[in-house]
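The values are calculated or read from the model by the stated rules, or taken from the named source; none is laboratory data. Every value quoted in this text rests on a predicted model; they were computed, and no experiment measured them. As a convention, Cβ positions derive from the backbone with ideal geometry for all residues, glycine included, and neighbour counts pool all protein chains shown. Ligands, DNA and RNA are stripped out before the accessible areas are found, and what is left, the full protein with its side chains, is counted by its heavy atoms. Shrake-Rupley method; radii C 1.70, N 1.55, O 1.52, S 1.80 Å.
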Amino acid sequence: QQGVLVGLNSLLEPNGVITLPTGEQIRRHPDTIIIFTANPSSYKGCETLNQSVISRANMKLTIESSDTLSMAKKAMAVTGFGDLRIAKEMADIVNRISRYLIENEIDDGVCGQRELKDWMQSVIVEGEEEIFNTALDTIIGKCTEDQDERENIIDGFLRTSSFA
């Protein structure tokens, strides 16, 4: 929740202390390093970070999306998927769908690294001959609830792939 980090602001200070509702005080240890993450505010339900929290952070890093080869290798490492050529094409499809969702302001779904991993795991279970069909459940099903847009995505990205 948005207010939780603000409530912890004083712990972000070098000698920070917060008082719990019970009256107990929590003091920040001098060697404490606080690291927190946030999803992009473009994700539904996510808010931008409060400025008072940002101000107290020593650094703010933004991690950009990975390139196709990096995405493929990460998903392969996690899943044990063995074919880099296929993995790269799968990652390319995921990246292009993700850009399509952003460019067309389709914000009721997702398509990214997790979906690529799910797709690879499904192909491992179902077999490479099912790459197209497994994409329908692991990728397309998560992109949007809009059936017309799903068809556009299938036609534009899957039916034009070597998996069709």
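Here are some notes:
- Charging the Cβ of each Asp and Glu at -1 and of each Lys and Arg at +1, and nothing else, the dipole of the range 102-164 about its Cα centre rounds to 300 debye.
- Principal-axis analysis of the Cα atoms of the chain puts helix 84-103 at an angle of about 70° to the longest axis.
- Pairwise Cα distances in the range 27-107 exceed 15 Å in 71 percent of cases.
- Helix-only arithmetic for the chain: the sum of -39500 (n - 2.57) across DSSP H runs with n ≥ 4, divided by the residue total, places the mean residue ellipticity at 222 nm at -12500 deg cm²/dmol.
- Relative contact order of the chain: 15 percent, from C-alpha pairs under 8 Å at least 6 residues apart in sequence.
- Summary value for the range 70-138: 32 percent relative contact order, contacts being C-alpha pairs under 8 angstrom separated by 6+ residues.
- For the pair residue 155 and residue 55, a Förster radius of 45 Å applied to the C-beta separation gives a FRET efficiency near 0.40, rounded to the nearest 0.05.
- Net charge of the neighbourhood of residue 11, taken over other residues with C-beta under 10 Å away and scored Lys/Arg +1, Asp/Glu -1, is +2.
- The longest stretch of the chain left intact once loop-based chymotrypsin sites (Phe, Trp or Tyr not before Pro) with at most 13 other Cβ atoms within 10 Å are removed from consideration, loops following DSSP, is 44-164.
- Interatomic Cα distance distribution for the chain, bins of 10 angstrom, percent: 9, 30, 23, 17, 15, 5, 0
- Whole-Hz Karplus values for the range 24-32 come out as 5, 9, 10, 9, 6, 6, x, 8, 5 Hz, taken residue by residue from phi with 6.51 cos²θ - 1.76 cosθ + 1.60 and θ = phi - 60°; glycine and proline positions read x.
- Heavy-atom accessible area with a 1.4 Å probe sorts 160, 144, 22, 68, largest first, into 22, 160, 68, 144.
- Cβ-placed point charges (K, R +1; D, E -1), dipole of the chain about Cα centre in debye, nearest 20: 980 debye
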